[in-house]
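Read through the structure below, which is laid out as C-alpha cells, and then see the notes.
Please treat every number below as a calculation from the coordinates, not as lab data. Predicted model only: the values in this text are computed from it and were never measured. Please note: Cβ atoms are built from the backbone with ideal geometry, for glycine as well, and neighbour counts cover all protein chains shown.
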Amino acid sequence: MQLFAFGLNHNTAPVDVREQVNFSSERLKHALHELIERELAQEVVIISTCNRTELYCGLEVDSTEAIIHWLSHYHNIPKELLAAHLYTYKMADAVRHLLRVGCGLDSMILGEPQILGQLKVAYNTSREFGATGRLLNKLFEHSFSIAKQVRTDTAIGSSPVSVAFAAVRLAQQIFGDLNKNTALLIGAGETIELAARHLYENKLARMIVANRTIERARNLAKEFGGYAITLEEIPIHLAEADVVIASTASQTYIITKAEVEQVIKVRKHRPIFMVDIAVPRDIDPSVGELEDIYLYSVDDLNEVIQDNLRSREQAALQAEELIDTQVSHFMGWWKSLDVVNTICHLRDQAEDIRDKVVKKSKTMINNGKSPYEVIDFLAHTLSNSLMHQPCVQLRQAGYEGDEELVAAALQLFQLNEKLKE
C-alpha cells in the first residue's frame, strides 16, 4: 500500500475555490462511504476546514487520477479549475506534509494550535466509520505525538496568535479601545470561542452570541458575560453591533446585503467591522461594497497575521528539523513492514524444526535414554537442522560467485568480527 495526500489550502486556492470543495460534517461520512465502497481508496481521512480540504489515502494501486476525478464530480467543480489549485504528495512527502500541518507549520498563522484538534476530529470520524487501517492509524497517531513534542520542545506556540486573535486585533485598529463597543459573534465553535475570549480580555463593553442551537450560545455567552440569541434573531440585533465575527457551518448566507443596508440607516452610518471566518461564507461578499462597512474574509486577515509571525520563525526552523527526523522514522517503520511476512515465515520454519526435534527427544527419554544423551542429541540435531538450508545456499552462492549474498550473510549473522579473530 502507498500513501497519498491530495488537497488545496489558503496558499494554493482563494476562498471562493476552497468553499466549493468544502465537506460539511453532514456530507463527510457519505464521502468516506463513496471512496471506500467504490474502492478508490483502501484507507482515507478527510480534513475540511476554512483554510484547507485534504484527503489522506492509502492506495493499493495508484488511483490518483480517479480520486481527483471523484473530487471534481462530487463537488461539481470543473476538473481544470480543481487541478489548478490542487497539490498531491506521495509517501515521505505526504508524511512530511501531515506532520507540518499538525504542528501548525502549514497554517495561515504559523504554529496555530486549532488545526491539531481539527485533525483529531477528522481522524476519529474516519476511524469510527472504519475507513482507516494500519497505515493511517499509525500515521495520524505519529503526527499527534510529534505535534505535542514540537510544542513542548520549541517556542512555536509562545504567542497567542490565531485567526480569532487577528480579527480582534484588527477591530482594535479600527475602534481603538473596545470598552464602548458591542460585538455580535455568530456561531459557537472553537474559533468563535477564541474570539470571545480575546474580546473579553480586551475589555469589550457588550457581547451578543448567536447560534443555531440556543443552548450552545447561552453556554458561551454566560462564560463571558454576554447575551445569547438564535440565528433568526440576528436581524433584530444587528444594528447594535460595532463588531461582527461570523464562523458557522451554514451553507447559505447568514447576513445579506439587504439586511445590512437597513442596519446602516438605523445606525446613522456609524461603521461596522465585519469578519467572515466561515467557509462557505456566512456574510454575502457584496456587503463589503457598502459604505461604512469594513468586511474582511479569512484571506484578508493575512496582513494582520504577518505581524505576529516573527517570534515563531526560529521555532519553526527547529520544528522542521524535528519533522525531517520523524519522517525518516515513520518511513523506516513502513518499509520494515515489507519483511514482516518473511520474518514470520522464518520463525514458523524454526519452530516447526524445534517441535520435531523436541518430539524425538521426548521419545528417547520415554525409551530410557539418559538425559545427557538426549540433551546432546537435541542440541546437535537442532543446530544442524536450523543451519542446513542457509549453509546449502551459501555454498551455492560461493560456487556461482554471488558475492552480494555472501556479504549479506556476513552482515545478517554478524560474522565479520568473527572472521577477524
Going by average Cβ density within 10 Å per residue, which order do the peptides 214-225, 13-24 take, highest to lowest? 13-24, 214-225
Under a Gaussian network model of the chain whose springs join Cα atoms within less than 10 Å, the largest fluctuation of Leu382, Leu295, Leu170 belongs to Leu382
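How high is the relative contact order of the chain, in percent, with contacts defined as C-alpha pairs under 8 Å that are six or more residues apart? Intermediate results must be reported in sequence, preceding the final value.
Values: 584 pairs, mean separation 57.0, N = 421.
It rounds to 14 percent for the chain.
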Order the peptides 266-275, 362-371 from the highest to the lowest mean number of other Cβ atoms within 10 Å of their residues. 266-275, 362-371
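List the relative contact order of segment 14-130 as a percent without decimals, with contacts defined as Cα pairs under 8 Å and 6+ residues apart. Provide the component values of the computation, followed by the final result.
On the way: 101 pairs, mean separation 27.9, N = 117.
Relative CO of segment 14-130 lands at 24 percent.
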Looking at the chain, do any whole DSSP H helices span at least 20 angstrom along their long axis by alpha carbon and average 0.0 or above on Kyte-Doolittle, and which? none
From the helices alone, meaning DSSP H stretches of at least four residues, give me the mean residue ellipticity at 222 nm for the chain, per-run term -39500 (n - 2.57), in deg cm²/dmol to the nearest 500. -17500 deg cm²/dmol
So how far apart, in nm, are the two label points at Leu405 and Thr12 if each is 7 Å from Cα heading toward Cβ? 4.6
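When the convex hull of the C-alpha atoms of the chain is computed, what volume per residue in Å³ does it have?
On the way: hull volume 95.6 nm³, N = 421.
Roughly 227 Å³ of hull volume per residue.
If packing is taken as the average count of other Cβ atoms within 10 Å, what order do 39-47, 83-91 fall into, highest mean first? Walk me through the numbers before you get to the answer.
Working: 39-47: 21.9, 83-91: 15.3.
Ranking the peptides 39-47, 83-91 by packing returns 39-47, 83-91.
Based on the Cβ-Cβ distance of Lys79 and Ala249, what FRET efficiency does E = 1/(1 + (r/R0)^6) give at R0 = 30 Å, to the nearest 0.05?
Working: r = 26 Å, r/R0 = 0.88.
So, using R0 = 30 Å, E works out to roughly 0.70.
Hey, what D do you get for segment 163-306 in µm²/s if you plug the Kirkwood alpha-carbon radius into Stokes-Einstein at 25 °C and 0.890 mPa s?
On the way: Rh = 14.7 Å.
Reported coefficient: 167 µm²/s.
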For Asp324 paired with Asp93, estimate the spin-label separation in nm (one decimal), with each label point 7 Å from Cα along the Cα-to-Cβ line. 1.8
Taking R0 as 25 Å and r as the Cβ-Cβ distance between Gln149 and Arg127, the FRET efficiency 1/(1 + (r/R0)^6), rounded to the nearest 0.05, comes to 0.70
Name the residue from Val260, Leu185, Ile229 whose Cα lies farthest towards the positive end of the charge dipole of segment 163-306, charges +1 on Cβ of Lys and Arg and -1 on Cβ of Asp and Glu. Ile229
Please work out the C-alpha center-to-center distance from segment 281-306 to segment 61-139 and express it in whole Å. 27
